[in-house]
Structures are given as structure tokens and as C-alpha cells.
Amino acid sequence: MDTLLKVNGVSKRYGSKQALGNVSFDIGPGKIIGLLGSNGSGKSTLMQIIAGLTPSSSGEISVMGKKVGRETRSLISYMPDRPLTENWMRIKDAVAFYSDFYADFDAQKAREMLDFMHLDEKSSVSVLSKGMNERLQLTLALSRNVNLYLLDEPIGGVDPVARGKILDAIVRFYSEDSSLIICTHLVRDMERIFDEVMFLKDGSIALHEEVESIRMKNGRSVDDMFKEVFGE
Amino acid sequence: MSIEFDNNLPIYLQIMNYIKRQIVSGLLQPGDKIPSVRELAADLQINPNTIQRTFQELEREEVVETKRGLGRYVTSEESKIMAIKKEMAGELLHQFIHGMQELGFKNQDIVTIVKEAVAADGSKDRKGAHPDGHIAES
């Protein structure tokens, strides 16, 4: 199988605290991957390292065979768990900002997504509810044409109805030959859109498997496995 | 379209059964076009590769067929649809018989009980149909 993302022996220390310990995995193209873990398990740190925003203490990461860094910026779109937009912006300013900043930004796709998300271009970012803001951030992240999308808690702060809308948008608008890594602790809500899941526990990969094979082999949901591994 | 998924079971099997039920019940007619992978994935909020796998399995079972460049269609072979019906009936029967055996019934008893139940159900249906018949007569 082709490898889109290769993570090899990545560790990260913050002072005396080990955030990630010797993490290795490969991701193929055209996959939606759930990166699952409880709070503080190192999910966001791993996402930031893959995005090239935080250096790892050791180990190597490559995307499409290129070492993570300046060269991979145009291959990866990262949706952080905190908005990147500024409060003075209206939605159309935020879109223009992304459009100016990223040569791979697809303005047509952004308009379609805004429409689908019921976001009005004239609204001010500062008046958006948390759920609407997440819709906007997702729109901005998915409107870039890249190989790898990293979404950090895309349904973190929204009610179940809005979650459905966001899941719908992810499935509808992601491009099929790219891959998505979605980091979440809301396993039950999201498990049906994943190809594979990785459980990140105390900075290490505790499990990396196809979701259908988890169901087939164990006769149980990813959510149940998650609860067992994380002892909730 | 709506369907309640059980996350404890492989999703592609559940969608296969869902589509087969739609075919057997006539909601999807022989020769009907079925939705694209992307459409169904978005409607059901399911991973597109899972839908892809569902369709591949349905193709392998010759329940749906792909026409190049046109999409996927429900088979127009009545015999195939009959086969699905039998397969689904087989599963129901298997569950039923197994359940009855667990309750301690012998095979002969099960046959008797089924006969009686079918007869009772049949007479109820006739009663239901009776007023119509009556009007037609008068």
C-alpha cells in the first residue's frame, strides 16, 4: 500500500514531562483516521508535530515522502482546536484571508461549504456561536486542496444536531484521494466515519486498527473498546 | 433515508441488509439506479470506503450491477431477488427455530405451533378482509 504519512519513532518532551514516546504509524491515501484519546493523551501535540508547527524531540515524519517542514506546508491543512480567525473579521474576510494566504485554497468550494453550513458571508466572526465557529473553521480547513487534513476536535463544542451536520460536511466535502486525521474523544458520535482508529494513551499508540475489523473480530463498537482501553 | 446502526456489528453488513430489504420490499425496484457512494455516505454519515465495500459485496452477490460510466443498478433478474428473499427468510427461520429450541420445544412441537399460529393469523386476516367482501356482496 502507498504511504501518505509516515511517522517513525516520534517522541516529544516538555521539560521533564514526556508527552509522546516513540510513536510510529503509517497512513495510506484516501483514509479517514480517528486519533482517539482522553484529555492530555498527547493527541494535539502529535497533530501539531505532524503539521510542522511544533518540533519533535526525536523521530521522523514524512508526508508524500517529504520530511515535515517548509516543504510539507502545502501538503497539509490543519484545523486547530482554537480558531485562527480574528474577531474583527467577517466571514468573507476570513475566507479572503485564507485565499490570500494559501495558493491551494478553493474559493468555489468554500462558497459551497458556507452555503451548506448555513453560514452568511456577511456575519461577523465575533458573533458566531461556538458551533457556528467550528463550522467556519472546518470550511476553511477543508477548502484547501491538499493531501492531508488534520482536524483537531471538529465537533468538540457542539450539540448532537450540529455534530450530525459537521459529520455530513466532512463526508461530503473531503476529497477522496486525500486523507484525514481527526482527533476526538467523542468516539461514539464519530466512529462511523472512520476507516481506521488509533488509540493514543499516555503518549503511545495503544491500538491501530480498521474499525470494521474491530467490530468483526470482537463484536463490539470502537466506543466500547475505547472505554476498555482507557478504563472509563 | 434513515437507518439505525448498531456500532457493535460491521457497518457494511448492516447497509447490505438495509439495501436488500429495500429491494425485497419493493422500495427499490429491479433495474432502479442506486445512489452513488458519495451520496449514500453523506446521507447516512458513514465512511465512503465502507459504502464502497458494501457495494462491492452486493456486486459480488450479483444483487447490484455496475454499468460503466452510468452507475450502479439493482439487478433485473427476478430469480436473484427471489434468492435474497429466501436468504432473508432463512435467517429469520434459523433465529426462530434456535429460539424455540432454547425454550425446550422439540422440532415436531415447533411445526405444530407454527401451523396453529399461521392458521390463527390467516383467520384474523380473513376477518380483517371481511367488511370489504361484505360490501362487494351487497
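Values for this structure:
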quantity: Identity of the residue in region A:169-221, without any contact (Cβ under 8 Å) to a residue 40 or more places away in the chain and of a type in the set (Asp, Glu), that ends up farthest from the other protein chains (Cβ to nearest Cβ); calculated: A:Glu209
quantity: Candidate set from region A:1-47 (those that are among the polar types (S, T, N, Q) and crowded, with 19+ Cβ neighbours inside 10 Å); member that is farthest from the chain's Cα centre (by Cα); calculated: A:Ser41
quantity: Residue in region B:44-52 that is out of contact with any Pro (no Cβ under 7 Å at 6 or more places or on another chain), surrounded by 17 or more Cβ atoms within 10 Å (Cβ to Cβ) and of a type in the set (Ser, Thr, Tyr) present; calculated: yes
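Residues checked against (1) surrounded by 11 or more Cβ atoms within 10 Å (Cβ to Cβ); (2) at positive phi; (3) modelled with pLDDT of 90 or more:
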site	(1), (2), (3)
B:Arg60	no, no, yes
B:Arg68	no, no, no
B:Tyr73	yes, no, yes
B:Glu78	no, no, no
B:Met88	yes, no, no
B:Phe96	yes, no, yes
B:Met100	yes, no, yes
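The values are calculated or read from the model by the stated rules, or taken from the named source; none is laboratory data. Everything numeric in this text was worked out from a predicted model, so none of it was measured. Here the Cβ is made from the backbone with ideal geometry for all residues, glycine too, and neighbour counts use every protein chain on show.
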